[in-house]
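What follows is calculated from the coordinates using simple rules that are stated; it is not laboratory data. Note that the coordinates shown come from a computational prediction; the quantities given were computed from them, not determined experimentally. All Cβ positions, even for glycine, are placed from backbone atoms using ideal geometry, and neighbour counts span all protein chains on display.
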Amino acid sequence: MSKAFIVHESDVEAVSLPGGGSFRLLEDSENSDGLFGANRLVLQAGANGTRPHHHTKSTEIFYVLAGTMEFLVDGELQSVSSGGLVVVPPGTVHAFGASADGPAEFLAVLTPGIVRFEYFRQLGRIARGEADWDSMDELHDRFDVHFDGGPEWR
């Protein structure tokens, strides 16, 4: 059984993205005994967070903290503004990005969680031009991220 824990902002790892965006790595499911993983993502206006994909084992929950996000869920594109919640069960194809109107920020929780911070670190390297997209090929099964289309989805 996991114990209660607190994550302070000063202890959070930030993975920088171009244009001032970032992943803030909050919990990698280790302290929660696999119950959940959590991160915060800041995206600049019009920036994509990910291409269409699905998870086979986990539900992903998004809470929009600021701005407006665009979510593609099972082929339907919807705008979700600050205070909105999106719940994506296993097997559901989804993608997300900030609207063109301005930057956006959200909290993402994956449950059950898997240790996947290295996945976000690699995405940061790719976004900054430090690695190629092909470097993700061997990581999909390990991190339960299965892509269902190319980078152009909206």
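Each of the GluC sites (Glu not before Pro) that DSSP puts in a loop and that has at most 11 other Cβ atoms within 10 Å breaks the chain; the longest unbroken stretch is 1-129. Given +1 at the Cβ of Lys and Arg, -1 at the Cβ of Asp and Glu and no other charges, the dipole of the chain around its Cα centre is 260 debye to the nearest 20. Coupling constants for segment 53-63 follow from the phi torsions by the Karplus curve (6.51 cos²θ - 1.76 cosθ + 1.60, θ = phi - 60°), and in residue order they are 7, 9, 10, 8, 10, 10, 8, 10, 10, 10, 10 Hz; glycine and proline get x.
In segment 1-52, inverting the average of 1/r over every pair of distinct C-alpha atoms gives 12.5 Å as the Kirkwood radius.
Applying the Karplus relation 6.51 cos²θ - 1.76 cosθ + 1.60 with θ = phi - 60° to segment 19-32 yields 3J(HN,Hα) values of x, x, x, 6, 8, 10, 7, 8, 8, 9, 6, 6, 6, 9 Hz, where x marks Gly and Pro.
Find which of 133, 123, 147 sits farthest along the positive direction of the dipole of segment 108-154, computed with +1 on the beta-carbon of Lys and Arg, -1 on that of Asp and Glu, about the Cα centre. Towards the positive end, the residue furthest out is 123. Applying both filters, DSSP loop and at most 14 other Cβ atoms within 10 Å, to the trypsin sites (Lys or Arg not before Pro) of segment 32-140 gives 57, 128. Label reach from residue 148 (point 7 Å along Cα→C-beta): in segment 110-135, amide nitrogens under 19 Å belong to 110-112.
Simple rule: put +1 on each Lys or Arg Cβ and -1 on each Asp or Glu Cβ in segment 9-90, find the dipole, and look at 87, 46, 29; the Cα lying farthest toward the positive end is 46. In plain terms, the chain from residue 50 to residue 2 could stretch by 14.2 nm, reckoned as 0.36 nm per residue minus the Cα-Cα distance.
Where only DSSP H runs of four or more residues are counted, the chain gives -2500 deg cm²/dmol as its mean residue ellipticity at 222 nm, each run worth -39500 (n - 2.57).
Its alpha carbons give segment 103-154 an Rg and a Dmax of 12.3, 31 Å.
Under 5 Å between amide hydrogens, built in the peptide plane, is the criterion, and for residue 47 it picks out 98 among residues at least 5 positions away or on other chains.
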